[in-house]
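Peer 1: Below is one structure. I have some questions about it.
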Amino acid sequence: MMKTVPAGALAGVRVIDASRVLGGPYCGQILGDHGADVLKIEVAHGDDTRQWGPPFMGPNSAYFSGANRNKQTHILDLSTPQGREALFEMLDTADVFVENFKRSTLEKWGLTLESFRSRNPRLIHCRVSGFGSVGPYGDLPAYDPAVQALSGIMSVNGNAQSGPLRVGLPVVDLTTGMSAVIGVLLALYERTLSGVGQLVETTLYGNALAMLHPHTSNYFSNGKNPVRTGNAHPNIYPYDCFETAEGLIYLAVGNDVQFKIFCAHVGLEPLVNDERFATSTQRHINRDALKEILVQHLRTYHAKTLATELIHKGVPCAPVQSVEEVLSDPHTKAQNLIVELEPGYRGIASPIMMSRTPPSYRYAPPTLPETKDTSDD
């Protein structure tokens with residue numbers, strides 16, 4: 001269902017989104033949320049993630065629905081000359097082209113990366129891939145969890161008992177989609193100066209490495225391979241999760257002032273003058289001793305009450321909430337972070353808020369059209 005809404009920051013920008021799965025489609029959704037006209041190119045059976053369920057939202061999987069609103073779908077068989085020519089005709093008038101084809105697929109079709117911009121020099125070609133086209137892993141297939149494993153993300157996630165763990169969401173895909181958007185916006189701005197488009201490329205592998213802060217910077221500094229610290233921060237303490245009489249609380253005490261306020265509130269004032277805990281550096285060095293004290297002491301508190309009291313005193317912290325709890329949190333409602341569109345679609349709003357050109361939600365994720373193929377119409 002289309003709604004009448006103010007034009008977004010990208011109103012008038014035409015995007016052809018021929019990507020599949022998550023990284024590329026998430027890029028297309030962000031562009032669409034901010035006003036771009038996004039046309040999603042799919043094969044007859046649709047993006048693979050349409051069937052990644054249950055659960056489903058109508059005919060689409062919930063997974064597909066989470067990355068494909070504000071788009072319309074067009075079916076093309078790009079394995080045929082007619083389908084490829086139809087795509088090129090669309091690109092002739094497009095501003096942005098988002099794709100994640102394998103290079104071997106392009107070669108099989110007789111295409112090069114430059115071919116997409118040869119007919120339309122103003123086209124911004126955004127390419128999302130697993131590993132890029134050069135290097136030992138160049139052009140190999142990639143999914144998020146495999147890249148988490150290869151890139152070192154899994155090695156720092158978890159604790160000594162659990163072993164390496166996958167982050168519980170497709171963080172590599174999502175950040176790759178965000179980087180793709182940043183690249184597109186940079187290229188759109190540069191085009192206003194030069195008058196021509198360019199190739200924007202981002203990879204799951206590169207984004208995974210970019211997320212390894214502070215582990216990579218720590219390694220560059222001390223040459224020590226990072227170890228898994230569970231919920232605890234590798235550099236500062238207390239920056240950890242603690243059990244209370246009712247629920248879990250995460251303390252994110254980032255400086256000495258916050259530590260002093262925390263200790264005063266929970267009746268642990270002597271810790272402030274204890275040389276083992278008086279400074280951030282000492283608390284890091286003596287974290288095991290401090291953790292033992294806090295584990296015992298915080299068991300008598302209630303997580304949500306304590307977190308509310310502390311955060312209003314300037315100590316960053318939070319109760320550990322479930323997905324159900326955060327979606328019903330009054331702050332989620334106050335920030336208008338849940339989007340509802342007919343028929344029966346709900347999703348998370350864009351986190352980018354703009355005063356004159358806010359994001360808008362015009363189309364629910366598209367269903368596959370009745371026609372099988374329009375490539376030779």
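Peer 1: How much of His302 can a 1.4 Å solvent probe reach, expressed as accessible area in Å² and rounded to 10?
Peer 2: So the heavy atoms of His302 present about 90 Å² to solvent.
Peer 1: Moving on to the next point. Report the extension gain between Lys102 and Cys241 in nm, rounded to one decimal, defined as 0.36 nm multiplied by the number of residues separating them, less their alpha carbon distance.
Peer 2: So the chain would gain 45.8 nm between Lys102 and Cys241.
Peer 1: Taking H placed 1.01 Å from N in the peptide plane, check which residues at least 5 places from Ile338 or on another chain put their amide H under 5 Å from its amide H.
Peer 2: Those qualifying (amide H under 5 Å, at least 5 residues apart or on another chain) are Ala349.
Peer 1: Moving on. Give me the percent of accessible area attributable to carbon and sulfur for the range 315-362, probe 1.4 angstrom.
Peer 2: 58
Peer 1: Further, regarding this structure: What number comes out for accessible area per residue over the range 248-377 if the probe is 1.4 Å? Units Å², please.
Peer 2: 63
Peer 1: Please calculate how many Å² of accessible area the range 78-200 carries per residue, with a 1.4 Å probe and no DNA, RNA or ligand atoms counted.
Peer 2: Here the residues of the range 78-200 average 48 Å² of exposed surface.
Peer 1: Ser79 to Lys333: FRET efficiency via 1/(1 + (r/R0)^6), r the Cβ-Cβ distance, R0 56 Å, to the nearest 0.05?
Peer 2: Efficiency computed from Cβ-Cβ geometry: 0.75.
Peer 1: Mean-square fluctuation check for the chain, GNM, Cα pairs under 10 Å: which of Ser129, Ser118, Ser179 is largest?
Peer 2: Most flexible of the set in this elastic network: Ser118.
Peer 1: Follow-up. What is the spin-label model distance, in nm, from Gln296 to Asp274 if the labels are put 7 Å beyond Cα along the C-beta direction?
Peer 2: Here the answer is 0.9 nm between the modelled labels.
Peer 1: Something else: So what are the ³J(HN,Hα) numbers for the range 268-277, from phi and the Karplus equation (6.51, -1.76, 1.60; θ = phi - 60°), rounded to whole Hz, Gly and Pro as x?
Peer 2: 10, 3, x, 5, 5, 9, 6, 4, 6, 10
Peer 1: What's the magnitude of the charge dipole for the chain around its Cα centre, counting Lys and Arg as +1 and Asp and Glu as -1 at the beta-carbon? Answer in Debye, nearest 20.
Peer 2: Here the size comes out at about 520 debye.
Peer 1: Here is a follow-up. Using only Cα atoms, locate the centre of the range 203-247 and the centre of the range 101-134, then give the distance between them in Å, rounded to an integer.
Peer 2: The two parts, judged by their Cα centres, are 36 Å apart.
Peer 1: Once both labels are modelled 7 Å past Cα along the beta-carbon direction, what's the Ala7-Ser162 spacing in nm?
Peer 2: Output for this residue pair reads 4.8 nm.
Peer 1: Within the set Lys71/Lys333; Lys40/Lys333; Lys260/Lys304, which residue pairs have Cα atoms separated by over 27 Å?
Peer 2: Lys40/Lys333
Peer 1: Can you work out the Karplus-derived ³J(HN,Hα) for every residue in the range 13-24? Use 6.51 cos²θ - 1.76 cosθ + 1.60 with θ = phi - 60°, whole Hz, and x for glycine or proline.
Peer 2: Once rounded to whole Hz, the list reads 8, 9, 10, 9, 9, 9, 8, 10, 6, 9, x, x.
Peer 1: Based on Cα positions only, what radius of gyration and what Dmax would you give for the chain, in angstroms?
Peer 2: Considering the chain through its Cα atoms, Rg and Dmax are 24.4, 79 Å.
Peer 1: At 222 nm, what helix-only mean residue ellipticity would the chain give, in deg cm²/dmol to the nearest 500, using -39500 (n - 2.57) for each DSSP H run of four or more?
Peer 2: About -10000 deg cm²/dmol.
The values are calculated or read from the model by the stated rules, or taken from the named source; none is laboratory data. For clarity, every value in this text was computed on a predicted model and none was experimentally measured. Every residue, glycine as well, gets a Cβ built from its backbone with ideal geometry; the counts of neighbours run over all protein chains shown. SASA here: full protein model, heavy atoms, side chains in, ligands and nucleic acids out. Shrake-Rupley method; radii C 1.70, N 1.55, O 1.52, S 1.80 Å.
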